[in-house]
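Take a look at the structure set out below.
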Amino acid sequence: MYSLRIFLLIAAQLTFTATARAQWPYEVPFVPSPQVVVDEMLRLAEVNAQDFVIDLGSGDGRILITAARKFGARGLGVDLDEHLVMQSEAAAQDAGVAQRVQFLRQDLFKTDLSRASVITLYLLPGVNMRLRPVLLGLKPGTRIVAHDFELGDWKPDAKVTIRKNVMLWVVPAKIEGRWRLQVPLPAGTQTWDLDLRQKHQEIDGVVRAAGRPPGGVWQPSLRGDRLRFVLVDNTDREQEANLYFEGVVRGGVMEGEFRRGVGNVQTRHAWRAERIQP
Ligand SMILES: C[S@@+](CC[C@H](N)C(=O)[O-])C[C@H]1O[C@@H](n2cnc3c(N)ncnc32)[C@H](O)[C@@H]1O
């Protein structure tokens, strides 16, 4: 089966002659994703009727048409090839989803992505890398799903291989910096500082409390704007307990609930932190 990987191998053998340029006028040629790969991309991204999907380089429109037909989503496809745009519009009519999807002859690099809750890609590695800063700047929680090629050292949040590689990334909130955390504990409300470091969705950090050595921020995870981590409450040596934090990050504020301890002595409490240093 023809694929972009085979195109890459052939392109590497060619000097980019006038003939090659005529055959591949855009930086990525049209190679459609097989239907089972399209299905898997949309399943992995958990596309649903509330989603607005943007397919960058939409080819014959199959990703958006499937998103509308099988998952009830709406969306936009952009492609530089006007014949493919016309073919996509006709296919959307035939599938009865023309009211839910739109196709435009437009450069993907000039497309406003802010409306998207899901972005789909089947492009080449260099194009993905040029898009990456734009993707990382999108609203936290935006899902990006790609057929075949990765986004450099931004690790996927999920990867499935069924004939082809399909990868999902969730745009992470920006959480790096120092946060002041108010924690209601049996010994009284404590003020702790959390120093968090971040590489995309991978995070780590330390917690600082006055008069004590820094402690660990254990099991940290960030998916979109949802954060989880565990701190150890050792304010009273006789009654140490793990504190299981879950919360949402909105700009300079994080808030949510933590559970103190386990089993039938577990208690639940609200928490809040404010960013005090970038
Ligand atoms: C590999 S195909 C993918 C088609 C479709 N997304 C799929 O997965 O079946 C890539 C498409 O990107 C389009 N394309 C290439 N460069 C583009 C650009 N700068 N802006 C918009 N479309 C572009 C090509 O015309 C081609 O249809």
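The values are calculated or read from the model by the stated rules, or taken from the named source; none is laboratory data. This is a predicted model, so every value here is computed, not measured. Glycine gets a Cβ as well: all are built from the backbone with ideal geometry, and neighbour counts include every protein chain shown. To get the accessible areas, we keep the full protein, side chains included, count just its heavy atoms, and leave off ligands, DNA and RNA. Shrake-Rupley method; radii C 1.70, N 1.55, O 1.52, S 1.80 Å.
Packing here is the average count of other Cβ atoms within 10 Å per residue, and on that basis the peptides 28-34, 73-79, 136-142, highest first, run 73-79, 28-34, 136-142.
Taking a ≥ b ≥ c as the square roots of the eigenvalues of the Cα gyration tensor, segment 23-150 is classed as rounded, since a/c falls below 1.5. For K139, the lysines whose Cα falls under 25 Å of its own Cα, not counting residues fewer than eight places away in the same chain, are K110, K155, K159, K174, K199. Rg and Dmax over the alpha-carbon atoms of segment 188-236 stand at 11.8, 35 Å. Restricting the calculation to Cα atoms, segment 177-277 shows an Rg/Rh of 0.94 when the hydrodynamic-style radius is the Kirkwood one.
What is the ratio of the Cα radius of gyration of the chain to 2.2 N^0.38 Å, with N the residue count, to two decimals? Present the calculation step by step, with values, prior to reporting the outcome.
Details: Rg = 23.4 Å, N = 278, 2.2 N^0.38 = 18.7 Å.
The reported ratio for this selection is 1.25.
Between the residues A95, Q190, G252, the greatest Cα displacement towards the positive end of the dipole of the chain, with unit charges on the Cβ of Lys, Arg, Asp and Glu, is found for Q190.
At a probe radius of 1.4 angstrom, the accessible area of segment 177-277 per residue rounds to 57 square angstrom.
Tally Lys and Arg at +1 and Asp and Glu at -1 over the other residues with C-beta under 15 Å from the C-beta of L108: what net charge comes out? Residues close to L108 contribute a combined charge of -2.
Leaving ligands and nucleic acids out of the surface, order M129, M254 by accessible area at 1.4 Å, largest first. Write out the running numbers ahead of the final one.
Details: M129 85, M254 0 Å².
Heavy-atom accessible area, descending, gives M129, M254.
Consider a paramagnetic label point 7 Å from the Cα of D94 along Cα→Cβ; state which residues of segment 40-80 have an amide N under 18 Å from it. Those under the cut-off are 58-70. Accessible area per residue was computed with a 1.4 Å probe on protein heavy atoms; E240 scores about 90 Å².
When all protein chains stay in place and ligands, DNA and RNA are ignored, the 1.4 Å accessible-area order of I162, I65, I6, largest first, is I162, I6, I65. Expressed as a whole percent, the accessible surface of the chain that belongs to carbon and sulfur atoms is 51, based on a 1.4 Å probe. Beta-bridge orientation, the chain: approximately 75 percent antiparallel, per DSSP, counting only bridges with both partners inside. Helix 125-136 and the longest principal axis of the C-alpha atoms of the chain enclose an angle of approximately 40°.
The heavy atoms of K199 present about 100 square angstrom of accessible area, all protein chains included, probe 1.4 Å.
Quick one: net charge of F52's neighbours, Cβ under 15 Å, K/R +1, D/E -1? The answer is +1. Can you tally the net charge around V230? Count Lys and Arg as +1, Asp and Glu as -1, for every other residue whose Cβ sits under 14 Å from the Cβ of V230. Once all neighbours under 14 Å are counted, the net charge is -2. In sequence order, segment 80-87 has phi-based couplings of 7, 8, 5, 5, 5, 5, 5, 4 Hz under the Karplus curve 6.51 cos²θ - 1.76 cosθ + 1.60, θ = phi - 60°, and Gly or Pro positions carry x.
If H147, H83 are ordered by their accessible area, calculated over protein heavy atoms with a 1.4 Å probe, which sequence runs from highest to lowest? Could the numbers behind the result be given before it?
Numbers: H147 0, H83 125 Å².
These residues rank, largest area first, as H83, H147.
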